1. Would you be able to tell me the number of residues in segment C:1-19 that are assigned to a strand (DSSP E or B), aliphatic (A, V, I, L, M) and closer than 18 Å to C:VAL71 by Cβ?
2. For segment C:69-87, what are the residues that are in contact (Cβ under 8 Å) with a residue 40 or more places away in the chain and aliphatic (A, V, I, L, M)?
3. For the subset of segment A:193-226 comprising residues that are farther than 12 Å from A:VAL314 by Cα and in contact with a Cys (Cβ under 6 Å, 6 or more places away or on another chain), which member is nearest to ligand 2 (Cβ to nearest atom)?
4. Look through segment D:223-281, keep the residues that are assigned to a helix (DSSP H, G or I) and in contact with a Gly (Cβ under 7 Å, 6 or more places away or on another chain), and return whichever of them is nearest to the other protein chains (Cβ to nearest Cβ).
5. Take A:LEU25 and tell me if it is modelled with pLDDT of 90 or more and closer than 28 Å to A:GLY170 by Cα.
6. Of all the residues that make up segment B:194-217, how many are closer than 20 Å to D:THR57 by Cβ and either within 11 Å of ligand 4 (Cβ to nearest atom) or part of a strand (DSSP E or B) (or both)?
7. Every residue in segment B:219-230 that is more than 10 Å from ligand 3 (Cβ to nearest atom) and either under 19 Å from B:ARG272 (Cβ atoms) or within 13 Å of chain A (Cβ to nearest Cβ) (or both), please.
Amino acid sequence: MEAKTSFKASLRVSKRDIPALLGVLKPAPLVPAKERFLPYEGAKVDFDENLTTNSPVKTEFMPDGGASFRFDFAKKRVLPQGKEPAKIIFGVNPLDIRALDILDGIFLAKFPAYAARRKAATVVGAGDFGKSGASFDLFLHDEGLDYLAIAGSEKGRALLSRHKKFFRKGEEKTVQRGEKPAWDPTLKGDMEDLRKAVKNADPSVWEKVATEQLCLGCGICSYVCPLCYCFEVEDGVPPGAKAGARCSRWDSCMLASFTEVAGGHVFQNALPLRIRNWYYHKFARATSERGTPDCVGCNRCFHFCPVAINFREVLKNAAANPRKG
Amino acid sequence: MPSKKKPLGRRRARPTAAPKKAPVQKSKPLVAIYDLTDCEGCELAFVPVVEAVAKTCEIVEWRLTQEKRMDIGDRKIDVAFVEGSPMSAEDREFLGKLRERTKVLVALGACACIGGVPALAGTAEREKFMSLVYSPEYKPKSDTPALPLDTVVKVDYYLHGCPVLPEMAARFLEQVLVGKAPDKFGGYPVCLPCKAAGNPCLLIQGNPCLGPVSAGNCGAPCPTFGKVCYGCTGAVKGGNFTQMRHKLAEILGEEMAEAHLRIFLKDEKGKR
Amino acid sequence: MLPPIRARVEDARRISPDVIHLTLSPERRISDWKPGQFLMLSALGVGEIPVGFASYGKKEFDVSVRSVGGVSTFLFGAKRGDHVGVRGPFGNGFDVGALAGRDIVLVTGGCGIPPFRSFIHYLRLHRKEFGKVFLIYGARSPADLLFQAEFPDWEQFMHVLTTIDKPAEGWTGCVGFAHTRLADVRIDKPAEAAAILCGPPMMYKPAVAALLAMGLPAERILLSFERRMRCGVGVCQHCAIDEKYPCTDGPVFSYKAVLEEMPDAL
Amino acid sequence: MNMAGSNIDRFVTKIEGHGHIEADFSSSSVKLSIDEGERLFEGIVVGKRYEDVHFITPRICGVCPTAHNIASIRGIEAAFGVKPTETAIALRKAMLAAQIVQSHTLHLFFLSLPDYLGIDSATGLAAKNPKLLKVALSLKNASDALLKAIGGRQVHPTTTIVGGFTRFPTQKEVEASLKLIARTMKDAEAARDACAKAVGDFAPFHRETEYLSLDDYYGDSDVLTSKGEEFNPSDYDKNISEAVKLYSSAKYGTRHEHGFLVGAMARQINAGRRKQTGNTFENNVAQGEEIVEFLAEAQRNLEKAASLGLKRDELAVEFEPKEGVGVGALEAPRGTLYHKFWFDSEGFCTKADIITPTAQNLTNIEEDANAILAQNKDKSQAELQRLLEMLVRAYDPCITCSVH
Ligand SMILES: Cc1cc2nc3c(=O)[nH]c(=O)nc-3n(C[C@H](O)[C@H](O)[C@H](O)COP(=O)(O)OP(=O)(O)OC[C@H]3O[C@@H](n4cnc5c(N)ncnc54)[C@H](O)[C@@H]3O)c2cc1C
Ligand code: SF4
Ligand code: SF4
Ligand code: SF4
C-alpha cells in the first residue's frame, strides 16, 4: 500500500460489468455491500459511500472470536503462525479504508494474527476516492457510469492485469485521495478542540444520554464501529481436542463487565460513566495518542443504535456544556 | 533505625501452609445428570457434550440412558447437573439429598435457573388453569409453581438457555473438569454476536427484540435468523431494564412489554 | 498480541490459604524488569492474567497469585515442572532513580505485596541509595500475611509494620486497616519523602489522605493501579482511565498525575 | 418396591419424563401413573400474542419441539386463514421428517433397543455394540444438522413463523444437507435392520385395538382409523376424548370407551405397509422403518424446496390476525398431535387445547399391560415386571408431552 496521496490512473470498468467481474474473481470475493448488488443481474451497481454495510471492515481483520495464535494444549506449546486463507474484500467504502489506516497503525506491529490476515487480503475500495484512506490495494473511483481503477499496491496491479478484459484503457487522470481526515465533527474548530470539549464536558452531558435519550447500554455502537477495537481474550479448546487457540472476542466499553476485576468490583458501573468512556476513547484518548480521533464519521453508530443516539449531537452538547466550576 | 529487637507486628514461625502436593487423583471425576419437571431439551443438547468429554469423566447417573442406578458407594458426585424445576415435596427432598453428596451443583437450562416457561403460571394462575385443564376432583401432583432450583438448594453455577447451548455446556464442563473456575456467562448481550453476524437490527424495524438485556452466549441464533430474541439465555450483567421497558412499551404497549420481558428474563431486581 | 514465552515452574509453594508462590524460569530470557512492573502470566487453554513481578533479579523470577477466579484458580493448582506462558515485562514500574536518597513508605494490603517484594530485593542490593524504608502491610487475617517467614530478614534493613483487619485469636499485633499504621511511621523530612501504594481499590483514598496529612507531596505519592487488563500493550482498552493506560503509562502513577489527568480514577 | 401393607408393586421405568407402573400381580391389573408436575401450557398461552404462542409451545417437549412448533403454527394459520408458500411447506415437512428421524433414533438406541439386546444402557451399547452406537450417533448428528440448518437450532426452532419462515436456508446449505442425507442413508438402513433383528419374533402377547393416524403426516388430510373410519382432524374432539385420572397428571385418550394406538405402527398399518398382528412391540420395528422413510422424505422435501428456488419473496405470506378458531394437526414422532387455539380479533389467544400422542396412547398402554399379565400367567413376577417395563418403552411414551 502506498502512502502517497496523488495517484495516476487510466483504466476504467463499466458498472454494468461489475457482476461479471465478481463472478470470475478468485478466490470468490467477499462483498460487504452485497445487499446492494443482489441480484447480480442488471446494471444497477451502486456503492453507498457513507454506509455500505452493517459490518465494519474490522470484521475481516479482527473478527469476533478470531484466533491470535494456536497452541498444543497437551504439550503446552505455542504452534507457529499458520497462513491465512487469501481473500478479496470487494467494495469497501472509502471511510472504512480510512479506518483501516488507523487500525493498521495500532495492530500491525503488535498483533501478528492481524498482520497475517491483512497480508492475505486484497482490499478493493469503491466510492469517492476523495474520502478514502491509503489502505487499499485497488480503488474503484465512482465516475457515474464507470469506475476509474486506481491501484494502490502490487496486489492491486496484479488483479488489474489478471482481469484485463474488464478494464479498458482511457485517458490518464491524476486523482487525489483525501489527505486530511474526511471526518466532519460538525463543530467549529479542529480535533484538538473536540478533545478538550470531551475532556471538559459536564457529567450531565453523559447522564442525559443515559436517561433522556434512553441509551440501552447494549454496545451496538461499538460492534458496528470500524474503530472500536477493544477486545476480550478467551482461550478456546474444543472438548477433547489437543489443540486450541487464544482468541480475541469483541467487547464494548458500554458493558458493565468491561471494567470488572476479580472480586466483582466494577470501575465503571454507572451507565453515564461508560458512555463517557466511549466518547473519551474516540475523541480524547485516541486524539492524544495519534492526533486523530478513532472515528471516521461513517455514521454506523447512529444508524444502528436502536434508540437513534446521534454522536454528533452528543458531541455538540458536550462542547456546549463544559464542566461547571 | 532498623530495629532488630522489637518486632512491630507479631511474627509467627510459619509453616508453609497447605499440603505440598495435592493427592494424585486416580479415579475420574464423577458426573451425574438429573431431571425434574421440564421438557428435557437441555438433556438432549447435552448428549453430544457428554460424548465429547466421556473420556475425561465418568457419568454415574443419567436416568435417560440407564435403567439401573450405578452404585457409586459413598463417593461424592463431583459435578451434578440438574435440569428442570422442582414442583413437589418429593422433588425438594431429592434435591436436599443430592446437595449433600454433590460438590458442584449446576442448574442446567432455563427451567432450573429461573423456572422456565412453566413458571409463567404462578400460584394464582395455577389454580385457575388447573380447573380448566383437569377435573374438579383432581388433586395436583405439584404443590408449587415451577420453581428455580435455588429456591430449594444452593446452586453453584447456572447454565442458562432454553435449551442450553451445547457449545456453552461443553466449555463449562471442560472448565470444571480441568479445575478452572468456569466462565461467568452473561458478560455481553445478544447484540454483540448479532452485530458480529452483520444482521440488521430488529428493534429498529419495530420488533420487540430483547437482545440488549439478554446474555449473548447463545451466539444470537434468533436475530440472525430474523426472529426476535426472547432472552432465553438469561439476563446480561448490568442490563438496562428501565430503558428496555421504555423501548418495548413503544413497540408493544406497556402491559405487553412487561409480559414479553417475563417470558425468559429476570430483571435487574431478580423479579420475573 | 504476541504469543507468550514458555516458562517452567521451578518451584510452587502455597504461602497462604489462597495464594501460590511460583518460581518461573522462561525458556527465552525476558528483558530486565524493574520493581513494580508486571507480566502477563498464562496457562494455555485457560487464559492470561496480569501479575506483578515478586522478585528482582535476572533470569528466574517469582510471582504470587491469589486464587480469585478462572485463571488464578487454575494456577493455584500449578506444580513444579508444569509449564506456563509469560509475556512482558510491561508497565513503568517504580521510578527507583527518582526515589534515590529518600525515605520511602510502602503501603499495601491484601495481595498487593508482590511488587513490593521485588522492590525489597532491589533495596537489599542498593541499600545505601535510600533513606529509611517502611513497609506497612495490612491483611484480612494473620494467615493472609504473605512472606511472613521473610520478615525477620527484611527487618534487618527496613521497618515492617503489619496489621490485620479484625481481631484474631493469637494475634497480639495491630488491628485496623493499613493506613492506620501510618501513625507509627517516623520520618524526619516528610516533604522529601516518597510513598508507594499498592493494594485493594478501597485502600487508596484513606491512605493518600493520611500521607498528605503527614506532609508528603502529591507528586511523590505513587499509586499502583489494578485494572482489568487483557493485552498489556495499550490496545484492548480495558484498563484505560481517561487518556491514560495503566498497562503502558502505569500501572504506577503519582497522585499529582492522577489529580491532573484522571481525577475520577480513585 | 413393594408398598408396605399392599400387594401393589410400583416400579419406575426408564422413559422420557417421570412415570411409574403400578401393578397388582394378584389381580392382574396395571395402572400407568404419570408423576410429572402439571405444567399447564394450555393456560400459559392464554393472553399471549399469536407469535409468542408458537415460541412457547415447543417447550412442552424437548424431544419433539419441532412438531409442537409446527402444529401451533398450523393451528394459528387455520384460525387466521393463512396459506404459506409451497417452499415454506416443503421446508416445514423436511423439518418434521428430520424431527421424526431424530426422535426415533434417540428412543430406539437409548431406550428401547437396549431392552431387546439385554443391556442396561446406551453406555452398555457402546461396550457391546460400538458399531450400532456409531449408527445412532450418525443419525442423531444428521438430524440435528438438518434441524439446525432449517430451523436455526436443533432444539426449539426459531426460524419458523406464522405465514412461513424468517429465513430460508441457502442453496449451499440445502446442498450440504442433501449430501449429508445421502451419506447417512446407509446408517438409516442399518438402524432399520438392527431394529428388525433385535425385536425379531418377540411377541409375548396379542391384543386387537384401533390404530389412528393422519393420512398425510403434515396434516393436510383426514385422520384414518384401522376400522375403516375417517374424520377431519378439526373434529378430533368429537372423535376422541380425554379423561382425567386421579392418579395421573396426564389425561388418558379413549375412543368408543376404549384405548387406541397412535404412532409409527399406526401410520404404517393405515398406509397398508404393515399387517395388524396386535403385538405392540412391533412398534419398534415400525420406528426403524420410519427412520429410512422419513430420512427419504426429508430429502424429497429439501430437493423440492431447492427446485422452487428458495426465493426471498416467498419466505412468508402477509396476513392480518382475526378472531377465529383453528386446529393444527400433524404426525409427531409418537403419533397424531392436535393443537387448537381460539383467538380474539387482535390475535391474542383466548383458549387452547392440546392433545399429545402419548396422552392418546395411555389408555391403550394400560389395556395392553393387562393383556400381558393375562396372557403370561406362567411367568414369574420378575419376568412380568420386565415385560411391562419393555411394553411401556415400546410405546416410546413422552411423559413431558403428555403433561403439558
Ligand atoms: C498490574 C497488575 C498486577 C497484578 N499483580 C497481581 C499479583 O501479583 N498477584 C495476584 O494475585 N494478582 C495480581 N493482579 C490481579 C490479577 O490480575 C487478578 O486477580 C486476575 O486477573 C484475576 O483473574 P482470574 O481469571 O483468576 O479471575 P476472574 O474473576 O475469572 O477474572 C475474569 C477476567 O477478568 C480479568 N480480571 C479480573 N480481575 C482483574 C484484575 N484485578 N486485574 C486485571 N484483570 C482482571 C482477568 O483478565 C480475568 O481473566 C494484578 C493485576 C494488575 C492489573
Ligand atoms: S461514526 Fe460512529 S461508528 Fe462510525 S467511526 Fe465514528 S464512532 Fe465509529
Ligand atoms: S436485532 Fe436484537 S440482538 Fe440484534 S442488534 Fe438489534 S436489538 Fe440487538
Ligand atoms: S437469541 Fe435470545 S431467544 Fe434466541 S437463543 Fe439467544 S437468548 Fe435465546
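The values are calculated or read from the model by the stated rules, or taken from the named source; none is laboratory data. In this text, all values refer to a predicted model and were calculated from it rather than measured experimentally. Positions of Cβ are backbone-derived with ideal geometry, glycine not excepted, and every protein chain shown enters the neighbour counts.
1. Residues of segment C:1-19 assigned to a strand (DSSP E or B): C:5-16, C:19.
Restricting the remaining residues to those that are aliphatic (A, V, I, L, M) gives C:5, C:7, C:9, C:12, C:15, C:19.
In the following step, the residues that additionally are closer than 18 Å to C:VAL71 by Cβ were identified as C:5, C:7, C:9, C:12, C:19.
Total meeting the criteria: 5.
2. Those that are in contact (Cβ under 8 Å) with a residue 40 or more places away in the chain and aliphatic (A, V, I, L, M): C:LEU75, C:ALA78, C:VAL84, C:VAL86.
3. Within segment A:193-226, the match that is nearest to ligand 2 (Cβ to nearest atom) is A:CYS225.
4. D:PRO233
5. Details: modelled with pLDDT of 90 or more: no; closer than 28 Å to A:GLY170 by Cα: yes.
No: the conditions fail for A:LEU25.
6. Summing the residues that are closer than 20 Å to D:THR57 by Cβ and either within 11 Å of ligand 4 (Cβ to nearest atom) or part of a strand (DSSP E or B) (or both) in segment B:194-217 gives 1.
7. Start the filter on segment B:219-230 by keeping residues that are more than 10 Å from ligand 3 (Cβ to nearest atom), which leaves B:219, B:221, B:225, B:230.
Residues satisfying the conditions are B:GLY219, B:TYR230.
Here is a yes/no grid of residues against (1) within 30 Å of D:GLY37 (Cα to Cα); (2) of a type in the set (S, T, N, Q):
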site: D:PHE168; (1), (2): no, no
site: D:SER177; (1), (2): no, yes
site: D:ALA191; (1), (2): no, no
site: D:HIS206; (1), (2): no, no
site: D:LEU224; (1), (2): no, no
site: D:GLY228; (1), (2): no, no
site: D:LYS238; (1), (2): yes, no
